[in-house]
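This report concerns only the one structure given below.
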Amino acid sequence: MLKKVVEAITLAECNLPPDVENIIRRAYETETEMGKAQLKAILENVRIAREMRAPICQDTGLFSYYVEIGDDFPIRASKIKKVLIDATVEATRSIPLRPNAIDVLTEKNTGNNVGQGIPDISWDHVDGNTLRIAVLPKGGGSSYVAKLHSIPPAKGLKGVVEAVIRSVFDAGSMPCPPTFVGIGIGGTEDLAMKLAKKALLARMDENSKNEELAKLEREIVDKANSLGIGPMGLGGRWTIFNARIEWASRHPATLLTGVCFSCWALRKAFVEVSGDEIRVYQ
Amino acid sequence: MVEYHLKTPLSEEDVRKLKVGDIVYISGKIFAARDAAHKKILELLKKGERLPFDPQGLLVYHVGPVVKKVGDKWQVVAAGPTTSARMEIMEAEFIEMTGIRGVIGKGGMFERTTEAMRKFGAFYGAFVGGAALLAAKAIEDVEDVFWLEELGVPEAVWLFKVRDFGPLIVAIDSHGNNLYMDVINKAKVQLEVLLKSL
C-alpha cells in the first residue's frame, strides 16, 4: 500500500487533475487577452510537468490526508497512519518534493515534510470493507489567505456570500488566482474550516447536486469574478474558477463560515482499496 | 498590448517604450535575488564596495530556485516567482543603487517601487505564479552563483542566462502606471456595489 500512496502523491504533484484542467481550458475561451496569456502559460506549465513527471510548482505544499475506512477493512487505522507518514517521507525523497514542515519553536525545517501534527490525517468511519484515501497537498500562498468568519445568524446565507466575497477581495493577487474556493458553512469553529478545506476535494467542473447549494456556489462565482481581480491579480474575467460548499448543522447562536483557497494548481489524488484491488486515480 | 522580445542589458530607451499591459520576453542575463540577497547587496553598495557582477541594465528575478548539481554545473529544476511584496521596503533603493532596469516577480509592488521605476526608468514584469517549470525551461545556463554558503540555495544570488524568458506582463511601467493598484482600486468600488446589493 505504501507504494500506491507514493504513486498517488506523485500523481497529485505532477499531474493536474482532469476536472481542474477542464475548467482552466474552459475559462481560457472567455478570458481577456492579458488573462489569456496567463492561462496559456499555466496550461503550458501543466503540460511540461506531466511530460517530465515533475512537480507542477516549486511549493509542493503541506500534506493533508482524508481517510474513509470501512469497519470491516482488514488493516488497522494505526497501521494506515504509519503508511501515510512513511509515504510522505518516501515521496519527498523520490519525486523529490520541497521540504515544507517547519518546527514552530526552533524554526528548523524537518527536511522530510513530516513534523508535529503533520501530515494532517482526518478519519471517517463507514460501513463495509473498503478504504479510501484522499491526498491534498497545498501551497503556502493560498493557505496564507484562509479565513474563518463568524456571521450573525440573522444575516443568513446572504451573510455567507458577503463573507466569501470579502475574503476573495482581501486575498487579492496573493493566492495565485484564479483560485478554487472551498467553503464550510455551519458546525463548530474547527468543523467549518475542516469542511471548507474538504470542499476542495469535490469535482471542480461541476456544482453541488443540491440545487440550492449549486445556486449559491454559482452566485458566489459570479459575484467574486465581478471584482475583476483576474489571473495573477492583473485584471480579467476569472478571479475564482469555482466555489464548492460543504455544510454542517449550526448552533442557534452561530453561523460560522470557513473560506479556504487553492491556487490554480489544485493538487489532489485518491487511493481506493477494495479486496485485493488497489486503485489510484484523480 | 504590444509584444516585445528584449535582450539584456537593457537601455533606458528600451524600458521607456514599455506600457502596462504589454508582454515582454527576455533574453540574456538576469539575476535571482530575494529577501536576504537584496539586503546583502544594499549593505555592500552602501559601504562603497563593488559587487562581484555588474547589475547595470539587468533584471532582478524574485525567486528561490530549486537547483541540482550535475558534475560541476548547476541546473535549475524549478524557478517560479515568489511574492514580490516582501521586497517593497528595499526595492526603490535597490533600483537606484544597482542601476537595474526591471524586476520580475509575482503579486505586484506598491507606491515606492512605482515611483522609483518612474524616476530611474525600470519596469515590473509579472511572471505566472506557480509556473516553475516553464521558467526553468527558459533558463539556459547558470553562469555564476554568489554568497551560496552564506545565504543558502534559495536566498543566494544566481546569475542566469535566459532565452525568451516569459511571458512577462508589464504590470508597472516607467511612467507611473501600476496595473495591480488600478485593479484593486476598481475591485474596491465593485466590492461596495456588491455589498450594497446583498
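Which of the three applies to the range A:141-262, rounded, prolate or oblate, going by the alpha-carbon gyration tensor with a ≥ b ≥ c and a/c under 1.5 meaning rounded? Prolate is the answer for the range A:141-262, as a/c is 1.5 or above and a/b outweighs b/c. Candidate membrane-span-like segments in chain A, meaning DSSP H helices with Cα atoms spread over at least 20 Å of their own axis and a Kyte-Doolittle mean of 0.5 or above, are A:156-171, with no membrane implied. Shielding value for B:82-93 is 1, the average number of Cβ atoms from other chains within 10 Å of each residue's Cβ.
Straight-line cross-link reach from B:Lys17 at under 29 Å between alpha-carbon atoms covers these lysines, not counting any fewer than eight positions away in the same chain: A:Lys36, A:Lys40, B:Lys7, B:Lys29, B:Lys106, B:Lys119, B:Lys137, B:Lys161, B:Lys186.
Per-residue packing, averaged as other Cβ atoms within 10 Å, sorts the ranges A:194-201, B:128-135 into the order B:128-135, A:194-201, beginning with the highest. Among A:Arg250, A:Arg267, the ranking by other beta carbons within 10 Å of each residue's beta carbon, starting with the fewest, stands as A:Arg250, A:Arg267.
Can you tell me the 0 to 90 degree angle between the C-alpha axis of helix B:35-46 and the longest principal axis of chain B, rounded to 10? Tilt of helix B:35-46: around 70 degrees. Exposure proxy shown here: for B:Val70, A:Val280, B:Val60, the number of other Cβ atoms within 10 Å sets the order, fewest to most, as B:Val70, A:Val280, B:Val60.
Can you bin the protein assembly as shown into rounded, prolate or oblate? Criterion: square roots of the alpha carbon gyration tensor eigenvalues sorted a ≥ b ≥ c, rounded for a/c under 1.5, prolate for a/b above b/c, oblate for the rest. Note, shape of the protein assembly as shown comes out oblate. What range in chain A is the longest one free of GluC sites (Glu not before Pro) that are in a loop by DSSP and have at most 16 other Cβ atoms within 10 angstrom? With GluC sites (Glu not before Pro) excluded where exposed in loops, chain A gives A:1-106 as its longest stretch.
Between the helical axis of B:179-197 and the longest alpha-carbon principal axis of chain B there is an angle of about 40 degrees.
Listed by chain and number, the lysines whose C-alpha is less than 17 Å from the C-alpha of A:Lys81, apart from same-chain residues fewer than 8 away, are A:Lys3, A:Lys4. The longest part of chain B holding none of the exposed loop trypsin sites (Lys or Arg not before Pro), meaning those outside H, G, I, E and B in DSSP with at most 15 other Cβ atoms within 10 Å, is B:51-198. Would you work out if the range B:3-197 is rounded, prolate or oblate? Take a ≥ b ≥ c from the square roots of the eigenvalues of the alpha-carbon gyration tensor; rounded if a/c is under 1.5, else prolate when a/b is larger than b/c, oblate otherwise. Note, shape of the range B:3-197 comes out prolate. Neighbouring Cβ atoms from other chains, within 10 Å of the Cβ of residues in A:34-41, number 5 on average. Computed on chain B, with alpha-carbon pairs under 8 angstrom and 6+ residues apart, the relative contact order is 28 percent.
Bear in mind that the values in this text are calculations on the coordinates, not laboratory data. Computed from a predicted structure; not experimentally measured. No Cβ is skipped: glycine too gets one built from the backbone with ideal geometry, and neighbour counts run over all protein chains shown.
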